Amino acid sequence: MHKGNELPYGPRPRERHQGSVTLRRDAVGSTTADQGLLDSRLRSEWKTKDAWRALRILSEFVEGFDTLADLPRAVSVFGSARSKPGSVECEMAERLGSALAQAGYAVITGGGPGVMEAANKGCSEAGGLSVGLGIELPFEQGINQWVDLGIDFRYFFARKTMFVKYAQAFVVLPGGFGTMDELFEALTLVQTRKVTRFPVVLMGSEYWGGLLDWMRDRMAAEGKISPVDLDLVCLTDDVGEAVRHIVEADKALAVERQSVEENAEAAGQE
């Protein structure tokens, strides 16, 4: 069996995915769908092309909603695509994926290499459902081999909606700009109560400690956030603690929902 980029007749050709379309070799363009939508230098196209783009965007939401609607409880795991196999964060991600699967959760990642692949691998080998939400990039990564259910997106914002909508929690391992983007979007959604009881776990205290210190000493100290906002984050190096935090939040939400349903039923009988 050939895995990853290995082929029996040589290396895989240059490839890019645009939704359901696969482009290879000279057919690979120089721009992505997001660039076409967001580049202000293309104002001349706004009246002629953006209406069609709106339909394409709608189709991405429809396909994502339809494909993921029957997912079991799931956790979105983020981290660097550049992390090497055997690194501390990849080993942690693999153990995390396994522990989440054993706790009954599907694992959702960006479907790429590095930390994402490690989390998908841990989940898949433990018998869980391993999900990958890929994205069209100038440097195509492709969906890793451990993904059981994969979707390729053209637009970041459609993809990011799926990460939040179908997850009960976020776990964020060491990563770069994309990882930070997902982290702060999750914190913003929880802080503004767009989502409720949504655990955000940071794994890697040495990596994230400086950021949390800055958030406390500058952001909170200067009133840019409330001190209680720092409690939205659980920082740990322990996979077991991370999973317990998620499970306990899940149970608390279930109790809340049951209480709301019982109160509504009682009010209806009055």
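Only the coordinates and a few stated rules stand behind these numbers; no lab work does. Quick caveat, the model's predicted, so the values are computed rather than measured. Note that we place each Cβ from the backbone using ideal geometry, even for glycine, and neighbour counts take in every protein chain shown.
Numerical summary
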read-out: Magnitude of the charge dipole, segment 63-260, Cβ model with Lys/Arg +1 and Asp/Glu -1, debye to 20; value: 420 debye
read-out: Loop sites in segment 179-260: GluC sites (Glu not before Pro), DSSP, at most 11 other Cβ within 10 Å; value: GLU222
read-out: Built amide H within the under 5 Å cut-off of ILE135, gap 5+; value: PHE153
read-out: Taking the convex hull of Cα positions in segment 63-260, its mean projected area over all directions (nm²); value: 11.2 nm²
read-out: Cα centroid of segment 173-205 to Cα centroid of segment 221-247, whole Å; value: 10 Å
read-out: Loop chymotrypsin sites (Phe, Trp or Tyr not before Pro), segment 127-181 (other Cβ atoms within 10 Å of the site Cβ: 15 or fewer; DSSP); value: PHE139
read-out: Calculated FRET value between LEU212 and GLN269, using beta carbons and R₀ = 51 Å, to 0.05; value: 0.60
read-out: Mean separation of Cα contacts under 8 Å, 6 or more apart, over the residue count of segment 63-260: relative contact order %; value: 19 percent
